[in-house]
Amino acid sequence: MKKVIWLVLGLVLAFVLYDFVTGLNQEAEVRNQAGLQVQEQLMEEDVDLTDEEREALLEAGNSDAIDKAQVSDADYGLRAGNRAYDFQLEDMDGNTVRFSDFRGRPVFLNFWASWCPSCRATLPNMQGFHEDNEDVVVIGVNVVSSESSPDNVLAYVEELGLTFLNLKGVDEMTSLYRIESLPTSYFIGSDGTVYERVVGPVTQDILEARFDLIN
């Protein structure tokens, strides 16, 4: 009887060990597959990442706990110190522009509409700053859904003589950047870091002073 009991215990122990080793092998395979998927994505997609960001993605793919939030969302946001959300919009001529294309240069990002009096006071200041500061990218985003006609926007840009980049802001974009009143602006560093969010008009002196501190 004792021999039978020891035999059963031995079989149970052997099964537990087998199951444990099999589980470890499966877990390692899952981690390896995750790492390969990350590598394939980086190779196949046209992703504009720094060397540090690529290493972070690869390490996350091979880590014991693969947390997608840590890779894609944790650093992004609208508060000072967050990384500004990437976006892709059309300019006034229909050309596609991606925000991450300007990585390496500080950016002033402003949301406006042609009917907005405070925007009309701000846009010429942006134009003056743009003409005097080639190292800073000035981007205007027109809140398309608030306009009565697209023709108004083009006529307005021409009337004010705006030569800095202006984009057509779709609802998803304005929601992402929490545009509740106009104008709303973001001061963004060359590495994509948000420095400040300003609601209301901005003068050229303010632009000069803020970017002197950022640079």
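The values are calculated or read from the model by the stated rules, or taken from the named source; none is laboratory data. All values derive from a computational prediction rather than experimental measurement. Don't worry about glycine lacking a Cβ; one is built from the backbone with ideal geometry, like all the others, and counts go over all protein chains shown. Please note that ligands, DNA and RNA were not included when accessible areas were found on the heavy atoms of the full protein model with its side chains. Shrake-Rupley method; radii C 1.70, N 1.55, O 1.52, S 1.80 Å.
Other residues with beta-carbon under 12 Å from the beta-carbon of G128 carry, at +1 per Lys or Arg and -1 per Asp or Glu, a net charge of -4.
Here segment 76-215 exposes an accessible surface that is 46 percent carbon and sulfur, computed with a 1.4 Å probe and the other protein chains kept in place. Remark: segment 117-196 carries 46 Å² of accessible area per residue (probe radius 1.4 Å; ligands, DNA and RNA excluded). For L167, the residues whose modelled amide H falls within less than 5 Å of its own, excluding neighbours fewer than 5 places apart on the same chain, are G140, V141, N142. ³J(HN,Hα) across segment 117-132 via Karplus (A = 6.51, B = -1.76, C = 1.60, θ = phi - 60°), whole Hz, x for Gly/Pro? The phi angles translate into x, 5, 5, 5, 6, 7, 4, x, 5, 5, 5, x, 5, 4, 5, 9 Hz. Computed over segment 99-215, the quotient of the alpha carbon radius of gyration and 2.2 N^0.38 Å is 0.99.
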